[in-house]
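The values are calculated or read from the model by the stated rules, or taken from the named source; none is laboratory data. Remember, it's a predicted structure, so these values are computed and weren't measured experimentally. FYI the Cβ positions are ideal-geometry reconstructions off the backbone, even for glycines, and counts take in every protein chain you see. Protein only, heavy atoms only, side chains kept; ligands, DNA and RNA dropped before computing areas. Shrake-Rupley method; radii C 1.70, N 1.55, O 1.52, S 1.80 Å.
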Amino acid sequence: MKNMEEKRYSPSGTLALGILSITLPVIGIITGILALIFANKSIKTTEDTEAAKALYLAGRVCGIIGLCYQAFIIIYFIFIITMILAMPGYY
């Protein structure tokens, strides 16, 4: 059986994706999901130092915060559009 080596991702890259998920309006959903995937895979498979694990954890936390923020933005825009369409005399 072939010994497959798990792919390791950069801790700073995972953190950067997490931060981008907070700051970018639409692309933040994609970067947040990628940050979560990369951080979860890397935390499970890595035997790096505690500093690298802390960066993975920070990327995961930023990804979660970014996804929640993006969800609130989408809900807010849906609410605003619904309120505009519900105004009497709009159409």
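Things worth noting here:
- At most 12 other Cβ within 10 Å, DSSP loop - trypsin sites (Lys or Arg not before Pro), segment 3-65: Lys7
- Modelled spin-label separation between Ala16 and Met83, with each label point placed 7 Å from Cα along the Cα-to-Cβ direction: 3.8 nm.
- Debye intensity ratio in log₁₀ form over the Cα atoms of the chain, taken at each q of 0.14, 0.19, 0.26 Å⁻¹: -0.56, -0.79, -1.11
- Residue-level accessible surface for Ile73, protein heavy atoms, 1.4 Å, Å²: 50 Å²
- Full extension of the chain between Ile27 and Ile65 yields a length gain of 12.3 nm, computed as 0.36 nm times the residue separation minus the alpha carbon distance.
- Residue-normalised accessible area of the chain, expressed per residue, 1.4 Å probe, Å²: 74 Å²
- On Cα atoms only, tilt of 27-45 relative to the major axis of the chain in degrees: 20 degrees
- Helix-derived mean residue ellipticity, 222 nm - over the chain, DSSP H n ≥ 4, -39500 (n - 2.57), to 500: -26000 deg cm²/dmol
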